[in-house]
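Everything on this sheet refers to the single structure shown next.
The values are calculated or read from the model by the stated rules, or taken from the named source; none is laboratory data. Model, not experiment: these values are computed from the prediction. Backbone-built Cβ (ideal geometry, glycine too); neighbour counts: all protein chains shown. Surface areas here come from the heavy atoms of the whole protein model, side chains and all, with no ligands, DNA or RNA. Shrake-Rupley method; radii C 1.70, N 1.55, O 1.52, S 1.80 Å.
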Amino acid sequence: MDWRWLVTVIITLPTFSSSKNSMVTLKDGGYDNIITAIHPGLPENAQLIQQIKLESKASILKPRDCLNGSIFIDNTIGNDTFFVVTWESALLNISLQDPTGCIYTAVNFTNDAVSRSSRLEIPGTAERGQWDYSLCNTWTINQSIGLIVNSKAADENVPPITVTAHMNTDKNVFPYPMMVYVSVSQGMLPVKGANVTAIIEPVSGAPTVLELLDNGAGADIVKNDGVYSKYFTAFRIDGRHSLKVLVKGKITLHPSRVTVDDDDDGLNLGAFIRTASGGAFEVTNASLYQKQNIFKPEKISDLEAKIEKGRINLFWTATGNVLDEGTASEYDLRMSQSPKDLRDNFYGSYKVNMTSVNPQLAGSRESFSFVPQNEPISNGTILFFALVAINDAFQKSDISTIAQAATTPEGANHTEPPNEHEPAEELNSSVIVAIVCSAAVLIWIIIYITLCFVKVYRK
């Protein structure tokens with residue numbers, strides 16, 4: 001059996017105070033990266049096992065505040081599901097409700113005052129569907145809490161949906177941008193159409209939230225390959241940053257692909273949620289470029305063009321104000337009868353008026369239609385187009401891929417399907433050659449036989 005899913009290091013006891021039991025603080029790379037804080041008081045099988053991570057959260061709760069949320073057990077997981085809650089000062093008021101309405105409280109958890117943790121393992125296969133939790137601070141002071149929920153595959157023959165995340169490098173010297181990559185798959189099949197969110201947290205300050213896309217534009221290389229990508233440029237401070245991702249959707253399974261599409265036909269596997277840690281990375285020189293827009297819009301890489309009823313129709317994916325983030329200010333569209341002119345002399349080529357177009361948010365699908373004034377469209381017309389995006393700092397993207405649009409001469413592609421009940425009026429040229437050759441060989445044989453008979457008769 002080929003198990004190719006995420007191996008998760010289960011960290012169940014980050015401590016946030018300055019007591020003797022403290023090993024690291026929450027800000028040292030985030031809750032998911034505290035890999036040395038495994039407390040010996042926890043069960044041995046909770047330390048390093050093959051698990052699918054469903055939830056991983058940490059928060060500082062004020063008195064009487066609660067951390068509420070939901071996790072989903074989809075059809076691919078449910079075995080060996082466990083919940084681990086950590087607390088700093090006092091046992092929390094825990095409420096966990098499964099899809100059938102059964103409620104688990106702190107009484108049902110195994111509570112350990114030494115490790116300051118509460119653990120609940122669901123026997124057998126957990127109920128499929130939405131599990132709602134509420135963790136409330138009953139103490140009179142603030143306290144830091146954490147929650148991890150993990151599960152295993154429900155069927156060894158059906159691989160679960162897995163998520164892996166990473167940055168393109170673990171050390172970055174600004175002003176070079178970084179890229180976030182998240183792979184979502186079920187076994188060897190990519191999961192397409194999921195909602196993927198990356199949360200990048202510095203040592204201090206607010207985190208940056210990015211919506212990752214699998215559209216083949218911007219930082220994403222190949223469309224619909226299950227790898228979701230985004231540039232990260234919001235460097236506010238130097239030092240250590242941590243990456244965490246949240247993936248969710250409603251999944252439909254097909255023989256050759258996995259899609260997240262409520263309206264698609266196929267085997268509905270229900271809603272799913274996954275979390276994953278992408279580790280940590282270091283940033284230097286970010287403080288030198290504060291409040292400076294130094295990144296131009298990302299190149300448009302999927303420009304398409306068509307000629308329909310005398311109009312040029314163009315389609316592309318919107319780029320951003322800063323690489324693939326935000327909204328560009330304007331577009332510059334050029335047209336030529338030669339692709340070489342667009343490559344070598346873009347700004348000398350004919351400019352198409354696009355003042356009526358307001359760029360959309362990066363990742364959106366754009367379209368533009370117009371009737372060319374300088375190049376009348378006729379049969380056999382071939383035109384080439386290229387596009388540049390401009391941001392609010394008047395920085396220009398690289399020239400897009402060159403798109404070609406052409407009309408076909410009338411009748412050039414008009415073919416009449418043969419009537420199987422009537423003899424063909426024209427023969428294939430290869431058939432004609434074969435017939436001629438066969439006839440020539442037959443004539444030669446007849447002549448040869450005739451000469452042989454004449455020779456024998458004379459003797």
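How many angstrom separate the Cα center of region 146-193 from the Cα center of region 345-413?
What the calculation gives is 37 Å, centre to centre.
When the Karplus curve 6.51 cos²θ - 1.76 cosθ + 1.60 is applied with θ = phi - 60°, which whole-Hz ³J(HN,Hα) does each residue of region 317-334 get, with x for Gly and Pro?
9, 4, 8, x, 6, 10, 6, 9, 10, x, 10, 5, 8, 7, 10, 10, 9, 10
Going by a ≥ b ≥ c, the root eigenvalues of the Cα gyration tensor, does region 78-218 fall in the rounded group (a/c under 1.5), the prolate group (a/b larger than b/c) or the oblate group? Present the calculation step by step, with values, prior to reporting the outcome.
Numbers: a/c = 2.59, a/b = 1.33, b/c = 1.94.
Because a/c hits 1.5 or more and a/b fails to exceed b/c, region 78-218 counts as oblate.
Please give the FRET efficiency for VAL357 paired with LYS223, using the beta carbon to beta carbon distance and R0 = 30 Å, rounded to the nearest 0.05.
Working: r = 23 Å, r/R0 = 0.77.
Step by step, r from the Cβ atoms, then E = 0.85.
Sort 90-102, 51-63 by the packing proxy (mean of other Cβ within 10 Å over each peptide's residues), most packed first. Numbers along the way, then the final one.
Details: 90-102: 15.5, 51-63: 18.5.
Listed from highest to lowest mean packing, they are 51-63, 90-102.
For region 221-238, just list the computed ³J(HN,Hα) in residue order, Karplus coefficients 6.51, -1.76 and 1.60, θ = phi - 60°, integers in Hz, with x standing in for Gly and Pro.
Ordered by residue, 3J(HN,Hα) equals 8, 10, 6, 6, 9, x, 9, 9, 9, 6, 6, 10, 10, 7, 7, 9, 9, 7 Hz.
Roughly speaking, to the nearest percent, how much of region 277-344's 1.4 Å accessible area is carbon and sulfur?
Numbers: 1440 of 3280 Å².
Roughly 44 percent of what the probe reaches on region 277-344 is carbon or sulfur.
Each label point is 7 Å from the Cα along the Cα-to-Cβ direction; what then is the distance between the points at SER287 and GLU211, in nm?
Placing both labels 7 Å beyond Cα along the Cβ direction yields 3.4 nm.
Among the GluC sites (Glu not before Pro) in region 98-159, which ones are in a DSSP loop with at most 13 other Cβ atoms within 10 Å of the Cβ? Mind listing them?
In loop regions of region 98-159 (DSSP not H, G, I, E or B), the sparsely surrounded GluC sites (Glu not before Pro) are GLU156.
With a probe of 1.4 Å, find how much accessible area region 274-387 has per residue, and write the answer as a whole number in Å².
Numbers: 5660 Å² over 114 residues.
On a per-residue basis, region 274-387 sits at 50 Å².
Out of residues 5 or more away from MET178 or on other chains, whose amide H comes under 5 Å of its own, with H placed 1.01 Å from N in the peptide plane?
Under 5 Å from the amide H of MET178 lie the amide H atoms of PHE232, each far enough along the sequence or on another chain.
Carbon-plus-sulfur fraction of the accessible area of region 81-210, 1.4 Å probe, in percent?
Working: 2990 of 5500 Å².
Carbon and sulfur together cover 54 percent of it.
Can you give the accessible area per residue of region 99-242, in Å², using a 1.4 Å probe?
Details: 6350 Å² over 144 residues.
Roughly 44 Å² per residue, with all protein chains present.
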